[in-house]
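Undergrad: Dumping the structure here so I can ask a few things about it.
The values are calculated or read from the model by the stated rules, or taken from the named source; none is laboratory data. Just so it is clear, the model here is predicted, and its values are computed rather than measured. Positions of Cβ are generated from backbone atoms using ideal geometry, with glycine treated the same way; all protein chains shown enter the neighbour counts. Only protein heavy atoms, including side chains, enter the accessible area calculation; ligands, DNA and RNA are left aside. Shrake-Rupley method; radii C 1.70, N 1.55, O 1.52, S 1.80 Å.
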Amino acid sequence: MRCPLPIIELARRIGDVEVGALVAVVADDPAAASDVPAWCRMRGHDYAGPGDDVEGAPSYLVRRRR
């Protein structure tokens, strides 16, 4: 997915996982590398770092905090 779609989907789905669980955001847009950590800071979640590539696209790990 290209930005801003990964951030929109993350915001929509973060409530579907338990507090403390990890969500992998898969995005082939280079802007996601800065957008995902920025979203985490603004929304009070933890950016847990890069994840494994998924079908050639990088992923970014987010831990739900609230």
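Undergrad: What angle, in degrees between 0 and 90 and rounded to the nearest 10, separates the Cα long axis of helix 32-43 from the longest principal axis of the Cα atoms of the chain?
TA: 10
Undergrad: Return the distance in nm (one decimal) between the two label points of a simple spin-label model at residue 16 and residue 41, each offset 7 Å from Cα along Cα→Cβ.
TA: In this crude label model, residue 16 to residue 41 measures out at 2.8 nm.
Undergrad: Averaged per residue, what accessible area in Å² does the chain show with a 1.4 Å probe, protein chains only? Provide the component values of the computation, followed by the final result.
TA: Numbers: 4110 Å² over 66 residues.
I get 62 Å² per residue for this part.
Undergrad: Same structure, new question: So what is the calculated 222 nm ellipticity per residue for the chain, using -39500 (n - 2.57) for each DSSP H run with n of 4 or more, over all residues, to the nearest 500 deg cm²/dmol? Walk me through the intermediate numbers first.
TA: Working: 2 runs with 21 residues, N = 66.
It lands at -9500 deg cm²/dmol.
Undergrad: Whole percent per 10 Å bin, from 0 to the bin with the longest distance: what is P(r) over all C-alpha pairs of the chain?
TA: Spelled out per bin, shortest first, that is 24, 61, 15, 0.
Undergrad: What is the extension gain from residue 28 to residue 48, computed as 0.36 nm multiplied by their sequence separation minus the C-alpha to C-alpha distance, in nm to one decimal? Show your work: numbers first, answer last.
TA: Working: separation 20, 0.36 × 20 = 7.20 nm, distance 1.81 nm.
Gain on extension, residue 28 to residue 48, equals 5.4 nm.
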